[in-house]
Amino acid sequence: MSADHSEELAALVGRRSGAPQVAPDAVNLAMIRHWVEAMGDENPVYLSEEAATDAGFGGIVAPPTMLQAWIMRGLKASLEAESRRAEPETTAGSDNDRMMALLDDEGRTSVVATNCDQHYVRPLRLGERLVTTSTIEDITAEKKTGLGEGRFVTTRIDFVSLPDLGEHASVSEEVVAAGEPVATMRFRILKYRPGTAKGAEVRDGDGGPARPRRPRPALTQDNAFFFEGTRAGKLLIQRCVSCHTLRHPPLPACAVCGSLDWDTVQASGRGELYSFVVVHYPKVPSFDYPLPIGLVALEEGTRLVADLAIDPAELRIGMPVEAELVSFDDELTLPVFHGLPAERDEGG
Ligand SMILES: [Zn+2]
């Protein structure tokens, strides 16, 4: 059994995750411009002084949802922080580091971000400099989830505005306390034990060791037919009812004529290898490595990504391949492509 650090974890609730973080840049027009272009947000109050004034803001404001962008560190700073954490004898780690180490020691080495809530006090104006403090707000008891057994951790990040910060790269808690609160963000993660999801393990037919099941596809009303088809032994391709154009991956509408009406046709399963990769790393326990994955051009004209049951040394772009529908467990059947002998002259 893994350790249980419930008491030590409870003692960390309410503690700071680490030192206050100072925004590298004041709220500025260049970053706002890049953001709204990337997001396709055309609200003029983010770029036009006149529109923002007319709207009653007294000048340009930053998009509220851009909040986190102001305090994000660049890659270099993130890598430096990571290497500091890796050196055991240097500075004592933050409470966040201690919390993560305790959760890891409980066997909860996998992590997934689950949700993020933001609360805005007022719009941010050009020239404001933000500082954040982070507090470990909640660590739950163990929960059983679809991913595995884990604890949810909520971190609260409080944003304050400090207009007179100057060039300071770090500030004390006392200085932060004098700032004006402008927003709060709650960020929740699940730290869980890999391989503990309900029904996560399948045994090899020969009684071999248990291994995690293959990841499930994200089913939608557009793509469910494909996986229902493979379970029924058919490799299906979506077809536009209006113009008969085939499409894959599945989409709600035809890219050629815009029709929302579609049906399917059954593919022969034959095609040729359009491209491929051979994955060596990272190794996911559900798969065998090296793992060849192909982009197959079906003879009907669409392409799909699938496993290749072909020795990586034999892989050649353009080689003829044929699908076999393989059941990996009681829910999941997928096409796996084998190599076919090159077209022979049958005339003899
Ligand atoms: Zn169409």
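The values are calculated or read from the model by the stated rules, or taken from the named source; none is laboratory data. Quantities reported herein were computed from a predicted structural model and do not represent experimental measurements. FYI the Cβ positions are ideal-geometry reconstructions off the backbone, even for glycines, and counts take in every protein chain you see.
Quick notes
- Each residue in region 250-281 was checked for being more than 16 Å from the ligand (Cβ to nearest atom) and either hydrophobic (A, V, I, L, M, F, W, C) or under 23 Å from A297 (Cβ atoms) (or both), and 14 of them qualify.
- Selected residue [modelled with pLDDT of 95 or more, farther than 27 Å from D164 by Cα, exposed (fewer than 13 other Cβ atoms within 10 Å of the Cβ) and small (G, A, S)] from A92, A10, A3, A86: A10
- Region 156-170 - residue that is surrounded by fewer than 18 Cβ atoms within 10 Å (Cβ to Cβ) and in contact (Cβ under 8 Å) with a residue 40 or more places away in the chain and, of those, farthest from the chain's Cα centre (by Cα): H168
- R33 vs. criteria of a type outside the set (D, E), outside the structural domain of T155 (by TED's automatic domain parsing) and assigned to a helix (DSSP H, G or I): yes
- Number of positions in region 214-228 that are in contact with a Pro (Cβ under 8 Å, 6 or more places away or on another chain) and not in a loop (DSSP other than H, G, I, E, B): 3
- Of the numbered criteria (1) surrounded by 15 or more Cβ atoms within 10 Å (Cβ to Cβ); (2) closer than 20 Å to R186 by Cα; (3) touching a helix residue (DSSP H, G or I) at 6+ places or on another chain (Cβ under 8 Å); (4) not aromatic (F, W, Y), the one R73 fails is (1).
- Sole exception among (1) within 27 Å of P285 (Cβ to Cβ); (2) not hydrophobic (A, V, I, L, M, F, W, C); (3) not in a strand (DSSP E or B) for R151, by number: (3)
- Selection from region 104-124 of residues that are touching a strand residue (DSSP E or B) at 6+ places or on another chain (Cβ under 6 Å) and not in a loop (DSSP other than H, G, I, E, B): S110, V111, V112, A113, T114, N115, C116, D117, Q118, H119, Y120
For every residue, the table says whether it meets (1) within 16 Å of the ligand (Cβ to nearest atom); (2) surrounded by 14 or more Cβ atoms within 10 Å (Cβ to Cβ).
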site	(1), (2)
R247	yes, yes
K283	no, no
A313	no, no
L325	no, yes
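- Flag if P123 is assigned by TED's automatic domain parsing to the domain that holds V153 and of a type outside the set (A, V, I, L, M, F, W, C): yes
Residue-wise test of (1) at pLDDT 95 or above; (2) over 25 Å from the mean Cα position of the chain (by Cα); (3) not assigned by TED's automatic domain parsing to the domain that holds R247.
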| position | (1), (2), (3) |
| --- | --- |
| V278 | yes, no, no |
| S286 | no, no, no |
| I293 | yes, no, no |
| R303 | yes, no, no |
| A309 | yes, yes, no |
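- Of all residues in region 253-266, those that are more than 17 Å from F227 (Cβ to Cβ) have Cβ atoms under 8 Å from Cβ atoms of residues that are more than 8 Å from the ligand (Cβ to nearest atom) and assigned to a strand (DSSP E or B), 6 or more apart or on another chain, in C254/R247; C254/W262; A255/R247.
- Residues located in region 292-341, provided they are touching a helix residue (DSSP H, G or I) at 6+ places or on another chain (Cβ under 9 Å) and part of a loop (DSSP other than H, G, I, E, B): E331, L332
- Filtered residue count, region 216-237, keeping only those that are within 16 Å of the ligand (Cβ to nearest atom) and either within 27 Å of the chain's Cα centre (by Cα) or surrounded by fewer than 11 Cβ atoms within 10 Å (Cβ to Cβ) (or both): 1
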